[in-house]
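K.L.:
Have a look at this one before I ask anything.
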Amino acid sequence: MRLNGIRDYIINELNSNSLEECYYHGTDHSLEVELACIAISETEDSIKDNEIELLRIAALSHDIGHIQSMYNHEVLGCNFIIRIMPKYGFDEGDITLVKSLILATKFPHKPSSLLENIICDADLSYIGTDKYTCQADKLKKELVDLHNYNFDNEKVWIEYQVNFLEKHEFFTKHARDNYNPFKDQIIKELKNKLTLL
């Protein structure tokens with residue numbers, strides 16, 4: 001099956017070439033986004049099997065450009081896809097769709113189709129789950145160690161998170177129904193922490 005072949009290739013590339021400092025943008029995140037894409041897709045009757053296959057490829061490769069650079073990593077991911085998808089029997093239409101899905105994950109998210117809605121929600125699904133704190137800590141460490149962000153103290157980091165979470169929105173009904181309640185709780189808890197500092 002062509003999905004298995006390209007999936008193995010992408011995972012191997014992530015495992016072999018991701019920077020050690022990519023604590024967040026690595027293989028685990030890509031696999032979690034793939035699983036979230038599958039879960040959200042299962043709630044949408046109009047999605048075809050081949051679209052789920054392409055969505056999974058986009059999910060696995062949406063951050064692979066981080067191997068080269070944080071900046072324009074979506075474009076670098078598209079270049080990667082253009083190079084490898086034909087080797088696994090995918091046609092130009094498939095490649096174009098996967099590229100559009102990868103580009104849709106550029107923040108701030110501005111999806112323009114159901115599949116783009118799904119991958120955007122899957123990309124940040126962790127903010128609506130009990131994985132939030134662990135993933136946020138990994139992201140903070142990556143931002144500091146790899147990209148020289150400077151969070152002077154705990155207050156600055158909490159304010160950064162609250163600002164991000166309050167601006168963020170989910171696009172699919174599944175994500176709004178399942179992730180928003182937890183996200184709202186996280187915002188409340190973070191704001192409570194701010195009052196104690």
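Only the coordinates and a few stated rules stand behind these numbers; no lab work does. As the structure is a computational prediction, the values presented were derived from the model and not from experiment. Reconstructed Cβ throughout: ideal geometry from the backbone, glycine too, with neighbour counts over all protein chains shown.
K.L.:
Using alpha-carbon positions, what is the distance between the centroids of region 1-36 and region 105-131, in Å?
P.N.:
17
K.L.:
Then there's this: Using 20 Å as the Cα-Cα cut-off, could you pick out the over-long pairs in 48/110; 110/140; 110/167; 140/173?
P.N.:
Pairs exceeding the cut-off: 48/110; 110/140; 140/173.
K.L.:
Take the chain, connect every pair of alpha-carbon atoms lying under 10 Å apart with a spring to form a Gaussian network, then pick out the residue of 14, 31, 101 with the largest mean-square fluctuation.
P.N.:
For the chain, modelled as a Gaussian network with Cα springs under 10 Å, the answer is 31.
K.L.:
Here's another thing I want to ask about it. Counting other Cβ atoms within 10 Å, keep those with at most 14, restrict to DSSP loop, and tell me which trypsin sites (Lys or Arg not before Pro) in region 41-93 are left.
P.N.:
Hits after loop and neighbour filter: 48.
K.L.:
Give me the aspartates and glutamates in straight-line cross-link reach of residue 99: C-alpha distance below 14 Å, same-chain residues under 8 apart excluded.
P.N.:
Once the sequence-local aspartates and glutamates are set aside, what remains near residue 99 is 51, 53, 63, 74, 91, 116.
K.L.:
Which value, in debye to the nearest 20, describes the size of the charge dipole of the chain about its Cα centre when Lys and Arg Cβ atoms bear +1, Asp and Glu Cβ atoms bear -1, and nothing else is charged?
P.N.:
Computed about the Cα centre, the dipole is about 320 debye.
K.L.:
Binning every alpha carbon pair distance of the chain at 10 Å from zero, what are the percents per bin?
P.N.:
9, 35, 36, 16, 4, 0
K.L.:
On average, how much area does the Cα convex hull of region 16-83 cover when viewed from any direction, in nm²?
P.N.:
With every direction weighted equally, the projected area is 5.0 nm².
K.L.:
Can I ask one more? Restricting to DSSP H runs of at least four residues, report the calculated mean residue ellipticity at 222 nm for the chain, -39500 (n - 2.57) per run over all residues, nearest 500 deg cm²/dmol.
P.N.:
Taken over the chain, the calculation gives -22000 deg cm²/dmol.
K.L.:
Hand me the chymotrypsin sites (Phe, Trp or Tyr not before Pro) from region 35-104 located in a DSSP loop with no more than 16 other Cβ atoms within 10 Å, in residue order please.
P.N.:
Those satisfying the criteria are 71.
K.L.:
Short version: what are the Cα gyration tensor semi-axes of region 57-154, square root of 5 times each eigenvalue, largest first, in whole Å?
P.N.:
One finds semi-axes of 28, 16, 11 Å for region 57-154.
K.L.:
Stokes-Einstein diffusion coefficient for region 108-197 at 10 °C in a medium of 1.306 mPa s, Rh from the Kirkwood formula over Cα pairs: what value in µm²/s?
P.N.:
Translational diffusion coefficient: 113 µm²/s.
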